[in-house]
Amino acid sequence: MPELPEVEVTRRGFADRIAGARIEAIRVGKPLRWALSVDPGLLVGRTVRGVRRRGKYLLVDLDLGLLLLHLGMSGSLRFDASLPAAGAHDHFDLVTSQGTLRLNDPRRFGAVVYVEDEASPLAGKLLGGLGMEPLGDSFDFEAFHAGLRRRRAPVKQVLLAGDVVVGVGNIYASEALFLAGIRPTLAASRISRPRALRLHGAIREILARAVDRGGSTLRDFSNVDGQSGYFQLEATVYGRAGEPCRICATPIRQLRQGQRSTYFCPMCQKS
DNA sequence: CCCGACACCTGCCGGC
DNA sequence: TGCCGGCAGGTGTCGG
């Protein structure tokens with residue numbers, strides 16, 4: 001469910017509302033991908049300073065330490081003054097003076113991890129290898145092109161790996177490559193400078209547009225207020241195998257790359 | 001160092 | 001209707 005746009009939409013939905021709140025209680029459900037790594041009781045009484053995003057991680061800054069939050073494949077957050085009793089897939093509640101932040105995650109690939117600071121070994125393991133942020137000013141084209149040039153793997157998989165640029169998941173990788181007219185199987189190292197420039201722009205455009213639209217709802221994404229996004233209404237290739245390309249009407253093709261589905265138009269993405 | 005395969009877990013869908 | 005295989009938006013780890 002959550003790629004960068006969904007995570008960012010989620011962040012914007014509760015960052016201002018939770019800032020300044022005092023942690024009253026924490027409820028932990030079934031195990032997530034990693035243990036919280038702190039006695040929840042120790043966090044009671046601390047203050048939430050704000051919420052940042054790095055790649056697909058949310059960083060909830062406290063007056064002492066921070067929580068790293070990841071939504072995995074199926075996670076979503078709600079934030080409300082009052083929430084119903086925890087359901088089977090509600091695995092983490094952060095109860096604060098300004099509302100409860102709740103993680104619902106059926107597959108439990110997500111995580112909530114406490115670290116003392118971003119320089120800690122655990123934070124370093126999770127955040128240390130992340131690539132450039134695609135939105136904002138830090139997404140440098142020269143560095144992006146250099147990152148592509150040193151990789152022989154298919155460009156789709158380099159985008160997904162997240163060590164060159166973060167936030168591009170399986171949906172938006174296909175979408176961005178379509179917009180840039182690049183075949184997903186092309187070795188990243190073989191992408192020409194002009195085409196890398198198009199891809200750089202396409203990534204920014206696709207992600208920014210999805211954030212504006214409120215994220216994707218291919219299956220079940222909803223924002224912190226429980227409303228769904230509607231980017232899927234304009235997916236050009238993702239999930240459209242066999243359907244006509246919106247540009248040239250050629251049937252969209254699907255293939256497997258690294259255990260993931262990729263979609264592309266064989267005409268519009270010749271190489 | 002780079003790469004691909006695998007692992008984690010639950011739900012849903014299509015086919016028989 | 002029921003069961004089974006395959007698939008799903010992520011990413012750390014491991015072996016080659």
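The values are calculated or read from the model by the stated rules, or taken from the named source; none is laboratory data. Note that this is a predicted model, so its numbers are computed, not measured. Glycine also receives a Cβ, built like all others from the backbone with ideal geometry; neighbour counts cover every protein chain displayed. Only protein heavy atoms, including side chains, enter the accessible area calculation; ligands, DNA and RNA are left aside. Shrake-Rupley method; radii C 1.70, N 1.55, O 1.52, S 1.80 Å.
The table that follows gives values for the structure above.
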item: Filter result (surrounded by fewer than 23 Cβ atoms within 10 Å (Cβ to Cβ) and within 18 Å of the chain's Cα centre (by Cα)) within the stretch A:170-194; result: A:170
item: Residue among A:10, A:100 that alone is part of a strand (DSSP E or B) and under 24 Å from the mean Cα position of the chain (by Cα); result: A:100
item: Out of A:84, A:154, sole residue that is at pLDDT 95 or above, at negative phi and open to solvent by 80 Å² or more (accessible area, probe 1.4 Å); result: A:84
item: Condition met for residue A:121 (under 25 Å from residue A:35 (Cβ atoms), under 20 Å from the mean Cα position of the chain (by Cα) and open to solvent by 20 Å² or more (accessible area, probe 1.4 Å)); result: no
item: Unmet criterion (only one of (1) open to solvent by less than 40 Å² (accessible area, probe 1.4 Å); (2) more than 21 Å from residue A:168 (Cα to Cα); (3) in contact (Cβ under 8 Å) with a residue 60 or more places away in the chain) for residue A:77; result: (2)
item: Residue in the stretch A:51-58 that is on the phi > 0 side of the Ramachandran plot, within 16 Å of DNA strand B (Cβ to nearest atom) and open to solvent by less than 50 Å² (accessible area, probe 1.4 Å) present; result: no
item: Residue match in the stretch A:134-143 (condition: touching a residue at least 60 places away in the same chain (Cβ under 8 Å), within 14 Å of DNA strand C (Cβ to nearest atom) and crowded, with 16+ Cβ neighbours inside 10 Å); result: yes
item: Filter result for the condition that a residue is within 15 Å of DNA strand B (Cβ to nearest atom) and touching a Gly at 6+ places or on another chain (Cβ under 6 Å), over A:159, A:148, A:71; result: A:71
item: Failed condition for residue A:157, given (1) polar (S, T, N, Q); (2) within 16 Å of DNA strand C (Cβ to nearest atom); (3) in the same structural domain as residue A:28 (by TED's automatic domain parsing); result: (3)
item: The one condition in (1) in contact with a helix residue (DSSP H, G or I) (Cβ under 9 Å, 6 or more places away or on another chain); (2) under 21 Å from residue A:127 (Cβ atoms); (3) part of a strand (DSSP E or B) that residue A:79 fails to fulfil; result: (2)
